[in-house]
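What follows is calculated from the coordinates using simple rules that are stated; it is not laboratory data. What you see is a predicted model, and the numbers here were worked out from it, not measured in a lab. Every residue, glycine among them, receives a Cβ derived from its backbone with ideal geometry; neighbour counts consider all protein chains shown.
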Amino acid sequence: MTAPSRGGPAEAAPAPASAKPGSRMFASLAVRNYRYFFFGQFISNSGTWMQFVAQDWLVFHLTGSTFAVGVTTALQFLPVLLLGLFGGVVADRYPKRRILLTTQGAMGLFAAALAVLTLTDVVVVAHVYVFAFLLGLMNVFANPAIQTFVPEMVGPERVANAVSLGAVNFQSARLLGPAAAGPLIVVIGSGWAFALNALSYVAVIASLLAVRASELRPATPQRREKGQIRAGLRHVREHPELIRPIVLVGFVCTFGFNFPTLLSGFAYNVFDGGAKEFGFLTTAVGLGALAGALMSARRRSSRTVVLVGTAAAFGALEAVTALAPSVWLFGALMVLVGLLSVTFSTTANSLVQLHTDPAMRGRVMGLYMLVYTGGTPIGGPVVGWAVQHYGARAGILACGLVAVAAAAIVGLIALRAPRAGAVAGG
């Protein structure tokens with residue numbers, strides 16, 4: 001197998017026709033380095049989701065304010081919005097494993113410090129704000145490093161599969177972490193949830209140390225030069241096959257993926273429920289997302305038509321949920337919404353990874369992650385304002401229509417292009 005050539009999109013050989021569906025679904029786990037990294041990430045991701053739940057509960061317990069909880073969330077995403085492109089430059093300059101060892105170690109220390117402050121009963125909300133911001137700051141560098149480390153472990157022929165399995169990892173942890181956090185907080189308190197998260201970073205650090213450098217396919221580190229961020233942006237501008245998924249991700253994720261705001265509005269205001277209903281709806285989205293990730297892992301290729309189609313279907317179905325008369329029907333529809341959301345995001349990620357020059361991959365994925373997660377501080381308040389003033393039904397209808405409109409525009413542009421991008425995946 002050869003590494004992608006510089007100067008053009010990476011072409012990967014499709015899986016053999018005789019390959020069994022099950023073997024295709026977990027193809028990347030056959031790669032030793034990725035297998036170690038996958039399971040280390042799963043343990044760490046579960047701990048991180050546990051901390052998110054404990055952190056939000058602690059802030060609400062300390063302040064009694066949902067606004068304070070929102071500030072905590074915004075502080076976690078703000079550094080990515082401000083510095084995401086610089087994080088991509090760092091990923092292009094330095095070995096990814098070194099970046100990840102540094103950032104994961106720092107995150108573990110932050111979680112341990114917050115655990116000590118909480119368990120000794122001296123924690124105040126300002127402490128939580130500081131550690132939320134520091135966590136976001138580490139993600140500025142960790143996110144593009146993780147995204148660009150995956151192709152170095154599995155090679156271009158398995159990138160699409162590895163991206164989908166990464167989504168399986170994330171969604172599984174998203175279900176397990178909060179499920180464990182709730183009883184843990186009730187029985188022994190938030191401090192121990194932070195302590196367990198700190199311990200979970202040992203797993204991902206151990207997996208990184210176990211990676212065999214001789215089996216990696218690293219891109220050549222880029223020298224420190226002026227204008228590297230501009231060069232990355234110019235690379236994206238000059239390649240429509242990169243612009244299309246990044247622009248579409250920006251609109252869909254900024255507005256359509258605001259599930260906490262939308263689901264809480266439906267649970268509490270539309271269906272007159274409470275935490276039980278909110279938990280049910282959140283679990284429904286998570287189960288759908290996990291199913292979508294598993295289905296994506298079986299797919300052999302990533303295509304622009306799949307990207308646009310799933311974005312349009314996601315938006316249309318999200319808009320339709322505004323009409324759901326009962327919490328049970330709404331929950332069933334949200335399973336499908338979750339499935340389409342992950343199918344869309346894994347397709348977009350694969351297309352961007354495979355169409356990017358390896359020398360630019362860190363900067364391009366830094367931009368991608370900025371758009372993917374950095375829109376939260378913008379879209380969250382906008383969607384929250386719409387739900388507060390016009391109701392949850394109007395809010396989710398508007399979010400769905402934004403996704404449909406963005407998919408229609410990008411689809412029309414792709415049809416007018418000489419060739420709609422199609423890239424084979426693993």
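Karplus-based coupling profile of the range 135-147, in residue order and whole Hz: 4, x, 5, 5, 5, 3, 8, 6, 4, x, 5, 5, 4, with θ = phi - 60° in 6.51 cos²θ - 1.76 cosθ + 1.60 and x standing for Gly or Pro. Residues Lys276, Lys96 in ascending order of nearby Cβ atoms (within 10 Å, fewest first): Lys276, Lys96. So if I average 1/r over every pair of distinct C-alpha atoms in the range 330-410 and take the inverse, what Kirkwood radius in Å does that give? Evaluated over the range 330-410, this radius sits at 14.8 Å.
Once fully extended, how much extra length lies between Leu415 and Lys226, figured as 0.36 nm per residue of separation less the alpha-carbon to alpha-carbon distance? Let's see the in-between values first.
Working: separation 189, 0.36 × 189 = 68.04 nm, distance 3.66 nm.
Answer, rounded to one decimal: 64.4 nm.
Apply 1/(1 + (r/R0)^6) to the Cβ-Cβ distance of Arg98 and Arg32, taking R0 = 22 Å, and write down the FRET efficiency to the nearest 0.05. It would help to have the intermediate numbers written out before the result.
Numbers: r = 20 Å, r/R0 = 0.90.
Result of the calculation: an efficiency of 0.65.
Across the chain, the relative contact order, built from alpha-carbon pairs under 8 Å that are at least six residues apart, equals 30 percent.
Would you calculate a helix-derived [θ] at 222 nm for the chain, using -39,500 (n - 2.57) for each DSSP H run of n ≥ 4 and dividing by the full residue count, to the nearest 500? Mind dumping the intermediate values first?
Details: 16 runs with 323 residues, N = 426.
Helices in the chain give a 222 nm mean residue ellipticity of -26000 deg cm²/dmol.
Give me the number: length gained by fully extending His61 to Tyr390, i.e. 0.36 nm times residue separation minus the C-alpha to C-alpha distance, one decimal in nm. Length gained, His61 through Tyr390: 115.6 nm.
What does the convex hull of the Cα atoms come to per residue for the range 29-213, in Å³? Each step should come with its number before you reach the end.
Values: hull volume 20.1 nm³, N = 185.
In the range 29-213, the Cα hull volume divided by residue count equals 108 Å³.
Mean separation of Cα pairs under 8 Å and 6 or more residues apart, divided by the residue count, gives the range 226-426 a relative contact order of 40 percent. Fully extending the segment from Val202 to Tyr268 would add 19.9 nm, taking 0.36 nm per residue of separation and subtracting the current Cα-Cα distance.
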